[in-house]
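Every number here is computed from the coordinates shown, using simple stated rules; none is lab data. Keep in mind the model is a prediction, meaning the values are calculated, not measured. Glycine also receives a Cβ, built like all others from the backbone with ideal geometry; neighbour counts cover every protein chain displayed.
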Amino acid sequence: MNNHKSWRDLVLKWLQENVSDHRLQHILGVEQTCIDLASCHQIDPIQAGKAGLLHDLAKFFPPKKLLRIAKKNKIAIDPICKNNPHLIHADISAIVAQKEFAIADPEILEAIANHTLGNPQMSKLSCIVFIADAIEPNRGNKPELEALRNIATQNLYKCTWQTSDYALKHLINSQKTIHPRTILTRNWALKKTKKKKS
């Protein structure tokens, strides 16, 4: 456990130098929410906490740097991501987690890479990080968020679907580009929720 503590201290030091204080508070909120949700859904809380702590490593990388790292690591960039490079900060955060902090667990890396746009067929760990990013306490206490927090402890797929809906409404209201992966994630999670009911 001491090893984990010293590893976490290293990550926190790196984050203090590379993200804003406001973003760090968000990251710590996501980390704790991941740990809490992991215990509700029989997922390893240390694994979930690591994914939460590392999910936004590249959040403040400039667009050119994001695109450069993506190219170097052979990450496919579609036209939407090319025009909105911040959308690939999740994929780049997974690369930074691997290189800076020796993360080799494919599930953790996948959860980090999927936290922004989601992905159909996500693992439970990926669903947890995707949800935690939206519902962590620093996001506020709007009724929709409180409802999502309640569902998150009970049904991960239902919450992934409704978190996708929440994100899509926000993107539409803000007149922002919607990436097809968010819609595919929503449809996949909705289908899984309905299958469970039948």
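Condition check: surrounded by fewer than 12 Cβ atoms within 10 Å (Cβ to Cβ) and among the charged types (D, E, K, R). Does Lys74 satisfy that?
Considered against the rule, which asks whether it is surrounded by fewer than 12 Cβ atoms within 10 Å (Cβ to Cβ) and among the charged types (D, E, K, R), Lys74 comes out as yes.
Counting just the residues of the range 164-185 that are farther than 10 Å from Leu117 by Cα and of a type in the set (D, E, K, R), which one comes out nearest to the chain's Cα centre (by Cα)?
Residue satisfying both the conditions and the ranking: Asp165.
Go through the range 122-137 and count every residue that is under 18 Å from Ile46 (Cβ atoms) and of a type in the set (A, V, I, L, M, F, W, C).
5
Would you point out which residue out of Lys59, Lys50 is touching a helix residue (DSSP H, G or I) at 6+ places or on another chain (Cβ under 8 Å), under 27 Å from Thr177 (Cα atoms), among the charged types (D, E, K, R) and touching a residue at least 40 places away in the same chain (Cβ under 8 Å)?
Exactly one residue qualifies, and that residue is Lys59.
When you go through Leu24, Leu10 one by one, which is the residue that is free of Cβ contacts under 8 Å to residues at least 60 places away in the same chain and farther than 13 Å from Val129 by Cα?
Working: Leu10 fails: free of Cβ contacts under 8 Å to residues at least 60 places away in the same chain.
After applying the criteria, what remains is Leu24.
So which residues in the range 90-135 are charged (D, E, K, R), surrounded by fewer than 23 Cβ atoms within 10 Å (Cβ to Cβ) and within 13 Å of Ala51 (Cβ to Cβ), if there are any at all?
Result: Asp105, Glu107, Glu110, Lys124.
Residue by residue through the range 49-100, note down the ones that are charged (D, E, K, R), outside any helix (DSSP H, G or I) and within 19 Å of the chain's Cα centre (by Cα).
Pass one, the range 49-100, residues charged (D, E, K, R): 50, 56, 59, 64-65, 68, 71-72, 74, 78, 82, 91, 99-100.
Going one step further and asking which of them are outside any helix (DSSP H, G or I), we end up with 56, 59, 74, 78.
Asp56, Lys59 - these are the residues of the range 49-100 that are charged (D, E, K, R), outside any helix (DSSP H, G or I) and within 19 Å of the chain's Cα centre (by Cα).
So, of the residues in the range 8-48 that are assigned to a helix (DSSP H, G or I) and of a type in the set (Val, Ile, Thr), which turns out to be farthest from Arg149 (Cα to Cα)?
Result: Val11.
Check Pro45 against each of (1) more than 21 Å from Pro106 (Cβ to Cβ); (2) exposed (fewer than 15 other Cβ atoms within 10 Å of the Cβ); (3) within 16 Å of the chain's Cα centre (by Cα) and name the one condition it does not meet.
The number of the failed condition is (1).
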